[in-house]
Amino acid sequence: MKRTQSARRSMQIKAMLSLGMLVGLGAVSTLASWTGGATATAHITAATVSLGIGGTAGGATTYTVPITGSNWYPGMSQAQKLVVTNTSTVAVPYSISGSFTDVPAAGLGLAMTLLVSDGAVQGTTSNATCSGAQILKKDAMAAFTAPVNRGSLAAGASDTFCVQYQLPLGAANTLQGATTSMTLTFTATVGS
Amino acid sequence: MRHVNRHARIGRAKASTALGDRLTRWAFNGGAILGSVCLVFVALTLIFGLKPLIFTSGSMSPGIPTGSLALAVPMPAADTVPGQVVSVVNTQGSRITHRVVTAADGALVLKGDANALADLEPYTVDSVDKVLFSVPGLGFVISWFSQPWVAFLAGLLCALLIVKAFILRDSEDRGRDGSQDGPGRHRHRKEQRARQWLGTGALVTAIALAVPLGVAGTIHPTQAAFEGKAVASATLAAAVMPAPSGLGCQDPASGNKSVTVNWVAPSNVPVAVDHYKITVTVGGKTSVGTVPASATSQILSLTDAQGLLGGLLALLGNLLDFLLTGPKSVGVSVVAVYSGGWESTAISNSSLAEISSYALVSTRILCN
């Protein structure tokens with residue numbers, strides 16, 4: 001009699017303890033509301049986010065645009081094709097921003113114009129320009145416009161741009177010998 | 001009683017029943033263990049204010065890979081120091097767990113270990129959750145358990161265990177029901193009913209407690225905002241426009257009323273020379289003229305009033321009076337002006353030629 005009662009009691013305690021699972025699952029299942037109805041398992045991805053840049057689709061993360069780097073003079077214009085590749089495992093949105101560093105300060109880069117378009121290179125050598133719609137621009141004696149957000153780029157897909165560097169007519173004579181480093185940064189962000 | 005019971009049990013010991021008993025024991029023990037673990041976990045999070053975090057991306061890898069479960073404790077944002085791993089909620093409402101780069105003026109700059117650059121958005125928060133430790137893989141397990149069918153199975157198991165423990169009459173109940181009469185049986189029935197009510201009450205109470213407790217102990221998925229970056233750069237250098245060279249002066253074959261200034265066109269030009277700019281200086285007065293790129297010389301004539309030198313001399317008044325104090329140097333400088341407007345430095349000679357009076361009535365110019 002005692003034994004059956006204690007066995008029953010033990011079963012009852014175990015049954016009550018097992019309810020703890022529901023508490024724990026309650027803690028976890030609220031995850032679903034965080035992830036917009038998708039199960040949390042589906043939400044967890046061992047994603048990597050990376051972009052490649054180059055003259056053709058590829059995975060390199062830095063690229064030196066093959067324009068003539070020396071002997072720039074007013075009126076000179078050079079253009080090259082840029083290909084951004086999503087080397088991530090997931091589709092990513094990305095932004096394009098520009099910056100320049102001048103030596104001496106506020107010199108050549110400030111005087112230059114830079115244009116990123118969705119078109120193609122036209123013309124050759126020191127008189128090449130970009131066709132197509134403007135995406136990002138830097139005017140002479142001005143900073144780059146704000147970073148431009150591009151839509152989502154599917155994994156493995158790539159976008160082709162044309163970038164045009166120009167030293168406009170009327171650039172100051174005092175810029176002779178100045179140097180600048182002009183950088184276009186393509187940043188993909190996922191998760192914020 | 002015990003004796004009888006044992007015999008009865010042995011009598012019932014058929015294989016299928018034994019298996020059923022074993023399964024039942026397993027279900028009770030397993031349920032109790034899992035439930036206890038969950039209870040302890042939720043209790044700890046509630047008592048110490050711990051926040052469990054599941055990493056849904058890997059920007060803190062390799063230290064904290066995707067699918068890790070971390071425990072974090074709240075702390076004031078002002079107390080953070082660079083190097084700590086903290087969890088914040090960004091303006092879009094996503095939870096981000098990254099390492100502190102700088103913490104100045106209440107704005108936290110965070111960066112994922114696997115990211116090349118810091119998060120774009122500095123976080124202005126009062127409180128952060130500092131990650132105490134993390135366990136790789138446990139997040140996957142826990143999030144797997146959040147699937148609806150798992151919850152359904154767990155609920156079903158709990159319900160079965162409750163029913164078995166509280167509500168079902170077991171064989172002894174039946175045995176006693178059959179063998180006992182009168183007050184004993186009646187008492188037992190009462191006990192049984194009380195037990196069933198207790199079970200139902202326990203079940204309702206437990207569920208009523210479980211749901212809010214579970215919500216309070218919510219595990220937060222945290223993303224580690226992932227960033228990838230690619231850079232296209234170009235280094236540009238402006239040309240230094242080369243100057244003409246070899247500035248010289250040549251007397252004419254006959255006469256002494258003019259000289260020819262000549263120079264050598266610059267070499268290695270980045271762009272074609274558009275024209276030359278020649279500046280003549282006499283007695284502090286200057287005159288500037290242009291010479292087309294095709295020519296690399298300029299005649300300076302005393303007699304051509306429209307010319308470069310003639311025009312300049314007109315500014316000086318009576319030339320003979322001007323020369324009374326002695327011969328005067330003629331300075332010349334030449335600059336190459338390029339397409340696009342940039343000029344080279346000047347090539348110059350402050351006394352390339354000399355103007356002097358000649359027999360008191362005439363003037364002449366001779367190269368030096």
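Every number here is computed from the coordinates shown, using simple stated rules; none is lab data. In this text the structure is predicted, and so the values were computed from the model without any measurement. Cβ sites come from the backbone with ideal geometry, for glycine too, and all protein chains shown count toward neighbours.
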For B:81-89, A:181-189, B:276-284, ranked highest to lowest by mean beta-carbon neighbours within 10 Å, the order is A:181-189, B:276-284, B:81-89
If N is the residue count of segment A:93-140, its Cα Rg over 2.2 N^0.38 Å rounds to 1.32
Amide H neighbours of A:T89 at under 5 Å, excluding residues fewer than 5 places away on the same chain, with H built from the backbone geometry, are A:T48, A:S50
One finds, for B:A346 and B:T235 with R0 = 30 angstrom and r their Cβ-Cβ distance, a FRET efficiency to the nearest 0.05 of 0.55
As straight-line cross-link partners of B:K190, the qualifying lysines (C-alpha separation under 29 Å, not fewer than 8 residues apart within one chain) are A:K2, A:K14, B:K164
Scalar couplings 3J(HN,Hα) for segment B:48-54 by Karplus 6.51 cos²θ - 1.76 cosθ + 1.60 (θ = phi - 60°), nearest whole Hz, x for Gly and Pro, are 9, x, 6, 10, x, 10, 9
In this structure, the FRET efficiency calculated for B:A159 and A:T89 from their beta-carbon separation, with R0 = 30 Å, to the nearest 0.05, is 0.15
Per the rule of 0.36 nm per residue minus the C-alpha distance, extending B:R189 to B:N318 adds in nm 31.9 nm
Residues meeting the amide H criterion for B:S57 (H placed from the backbone, H to H distance under 5 Å, 5 or more places apart or on another chain) are B:G67, B:A224
Quick numbers on segment A:51-192, Rg and Dmax over C-alpha atoms in Å, give 15.4, 50
Rounded to the nearest whole number, the per residue volume of the convex hull around the C-alpha atoms of segment B:282-368 in Å³ is 104
Simple spin-label estimate for B:Q306/B:A359, 7 Å along Cα→Cβ, in nm, reads 3.0
Counting only DSSP beta bridges fully inside segment A:72-192, the antiparallel percentage to nearest 5 is 95
Percent of all Cα-Cα pairs per 5 Å bin for segment B:296-336, counting from 0 up to the last occupied bin, reads 5, 19, 28, 26, 13, 6, 3, 0
The simple spin-label model distance between A:R9 and B:K257, using points 7 Å out along Cα→Cβ, in nm, is 14.0
Once the in-chain neighbours fewer than 8 apart are removed, the lysines whose Cα is under 21 Å from A:K137 read A:K81, B:K229
Rounded to one decimal in nm, the spacing of the 7 Å Cα→Cβ label points at A:T174 and B:H275 is 2.5
